[in-house]
Structure formats: structure tokens, C-alpha cells
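Written below as C-alpha cells is the structure these notes are about.
The values are calculated or read from the model by the stated rules, or taken from the named source; none is laboratory data. Everything numeric in this text was worked out from a predicted model, so none of it was measured. A quick note on method: Cβ atoms are made from the backbone with ideal geometry, for glycine too, and the neighbour counts reach across all protein chains shown. Note: accessible area is taken over every heavy atom of the protein model, side chains too, but ligands, DNA and RNA are not part of it. Shrake-Rupley method; radii C 1.70, N 1.55, O 1.52, S 1.80 Å.
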Protein chains: 2
Amino acid sequence: MKCSVYIATSADGYIATPDGGVDWLHSAGNQQADMGNEDMGFQAYMASVDCMIMGRKCMEIIASFHLTAEQWPYGDMPIYVLSNTIKTPPENLVSKVEMYSGDINELIGKLEGDGYKSAYIDGGSTITSFINLKLINEMTITQAPILLGEGLPLFGKINHPVTLQDAQSRVFANDFTQVKYKVNYL
Amino acid sequence: MKCSVYIATSADGYIATPDGGVDWLHSAGNQQADMGNEDMGFQAYMASVDCMIMGRKCMEIIASFHLTAEQWPYGDMPIYVLSNTIKTPPENLVSKVEMYSGDINELIGKLEGDGYKSAYIDGGSTITSFINLKLINEMTITQAPILLGEGLPLFGKINHPVTLQDAQSRVFANDFTQVKYKVNYL
């Protein structure tokens, strides 16, 4: 199973403010910029994945957006939410996500058995867990042009050396930047 | 006085390992890449500054390199090292740097009085202090393609919102990436 990351951070590497807020992400950057149809690679990325695994906090942020069916960005691909504490998703995500509390490699095995080939891994703790299991193969990180100064970091403690290669880099009219890497484990 | 930053971090935003080590920076990336004369903008940046202010830890790392006169990268521009604890520099930097323990704005005023116009600010704590004084105008951050997982972060706690604009982005053959921003304070 290919496992990849497509996530946004502040320029100082936070995915949320200390209380989990992500409003800054939507107000950051040059709001007057003409972005045309530029979606910073999101649709192309979505076309490359067929299932999704995210953490509980990530799910709760998505739930808080109260997205309409038209706004739902993840199509109808299966979404597994990792949590050892919560057994049922928030009401507005009941038909959208499935909670999972077991072993991550078993979940990957189950998804592979069901024919899935490429998983979108989302949420800081979940991404760090997957890196520590040497499961993430590719990362696309979009940086908003803002310093938060504190918050929830994208990466937590990593247990082994991780080197990145095949770097790509882009800048957008709104002053967001984006890097893409393949991930290697020693 | 224009104050700017030219610094390298890991892809997860650390400038050094927890013990201050920067060896990873020299071994990171594709060592087989043909970089030609590519210096990732360092000489052009050096030509844009005429004085330097760095933190004590930064100075100690530079001292530990035991650079020869030919290897010394900072020309003959004046270098002030901020420290409230150390009054004399390491022996091999005595003729190269001057220690300073006073107010940062007074130091800037003194340098301006001496005719200096563009300061290179170096070291994580020093950069954060300068941002909190709203003194940094421009930042060039080069990211090495490696995750350290822990270490000394480039940015510490920032006391006020900082937005970035005029983003530029580059990628190099060795898989290092670089962003450059102008810095705004609200």
C-alpha cells in the first residue's frame, strides 16, 4: 500500500494553533491574488489515492466545518479514523467515516485485501505514527505564509532517521509554497 | 537597518539536533548531485549584507568548525555576538567577533550610526528575539531533505502575528529546497 501525505502547515511547521484552530489557514496569504483554477495540487492528489486514514483530532476538525455534500472534499472513498477512545464518529460524519482502534499494519493489510492501493494519511499524530512504522512513501507539504509561533507541530518525535529525495518545490500567487518529497527509511 | 535571515533547517524545521549538532546538514541530500557552481544563493546573500548579529550558540557552532582563513565565509564584515553570560569569544574567533550584552535596538542604532545598512541575523534564539522586536524584514530558509524528529527549532515563541509575503521558492539538484519571504508585522 502506498501511503502519502498532503497537508498544510504554517511557515513554522504547525498544522493548528494550540487549541486546534485552523482558521489562520483560510485567512493566510495574499487574498487578492488571482488563483484562477489553481487548487495547489489537491484534485490531482485526490485522483492518486483511493482510501484515507486520519487521526481523531483531524476528524473532529473536519466535523467542525459542517461541510455540505457539495463541499465534501474526499469523494466516496473509505475513510478510517484512528482512535482508542472514541467508538462512534460525530453525528455529521456517521455515514462518512469508520472508527478504527486496532493495529495500523492490520488496517493496511485489510485495505490491501479489499483491493485498495494508495492511502491518504492525514493528521499530525497519525502521520508521525505512520513514519515511525516506515509506512509513508511520499509527502506533499503546503506552507502558508504565516508564522504562528506555537501550535500543534506536523511532525512529532521520530524514532529513526528519515531522509527525503526527489524534492519538488512550487510557489503560488497567494504566497503559499509547496514541497513534495519521496520518503526513505534507513 | 534592514535585518535579514539566511539559514538552513531540516524539513521538520530544526536548525540543530538537541545537543546542537549540525553534522546532518552536511551529509543530507543527494551527495551525488551535480551542483556545479550552485551555492544555494549564499554569495548573493552575502553581497547584500554589510554586518552580522548572531547568538552565542551560533558562534560556538562556528568556533567548533575551526575554519581556516580561506574557509571563513563572512569576509571582514563586523560580527556582533549577543550573550549575557560570555564576555570574551572563543580563542579562534577573538579577532573575528565582538561580544555584545546590551539592548538590541541600541546595537542596531550604533551600527546605523557607523553607516551599516543591512544586517545578517543568525541563530534561532536571536532570530526569534529580532522577530519579536519586529526587526526582521526578509528571510531565506533552506530546507535539508531530512527529518530530525527533534532538535532546536528555528522559531521559538512569537509574541505577535507575523505574515509573510512575496514568497519565492527554489529546489536544488541535491534535493534541498529554499523559500524566501518578506516579513510583515501587524
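Worth a mention:
- Of all accessible heavy-atom area on chain A, the percent that carbon and sulfur account for (1.4 Å): 49 percent
- Checking the cross-link pairs A:K96/B:K182; A:K182/B:K180; A:K117/A:K157; A:K117/A:K180; A:K87/B:K157; B:K96/B:K134 against a 30 Å limit on the alpha carbon distance flags A:K96/B:K182; A:K87/B:K157 as lying beyond it.
- Label point at B:A47 placed 7 Å out along Cα→Cβ; residues across the range B:143-186 whose backbone nitrogen lies under 18 Å: none
- Solvent-accessible surface (1.4 angstrom probe) belonging to B:D34, in square angstrom, nearest 10: 130 Å²
- Every helix of 4 or more DSSP H residues in chain A counts as -39500 (n - 2.57), and over all residues that averages to -5500 deg cm²/dmol at 222 nm.
- Chains A and B together bury roughly 2300 Å² of accessible surface, counting both sides and using a 1.4 Å probe on protein heavy atoms.
- Taking every protein chain into account, the 1.4 Å probe leaves A:Y80 with about 20 Å² of accessible area, to the nearest ten.
- Rounded if a/c under 1.5, otherwise prolate or oblate - the range B:137-186, Cα gyration tensor axes: oblate
- Label-point separation, B:E91 to B:A69 (7 Å along Cα→Cβ), nm: 1.9 nm
- Legend: calculated FRET efficiency, A:N84 to B:N37, from the Cβ-Cβ distance at R0 = 45 Å, rounded to 0.05, equals 0.25.
- Position B:T68, label points 7 Å along Cα→Cβ, spacing to each other copy in nm (shortest first, one decimal): 7.0
- Relative to the other identical copies, B:K87 shows label-point distances of 6.9 nm, where the label point lies 7 Å from Cα along the Cβ direction and values run shortest first.
- Whether the range A:1-63 is rounded, prolate or oblate, judged on the alpha carbon gyration tensor where a/c under 1.5 counts as rounded: oblate
- Between identical copies, the spacing of A:E150 label points, each set 7 Å from Cα toward the C-beta atom, reads 2.1 nm from nearest to farthest.
- Whether the range A:38-180 is rounded, prolate or oblate, judged on the alpha carbon gyration tensor where a/c under 1.5 counts as rounded: rounded
- Most mobile of A:T126, A:T88, A:T68 in a GNM of chain A (Cα contacts under 10 Å): A:T68
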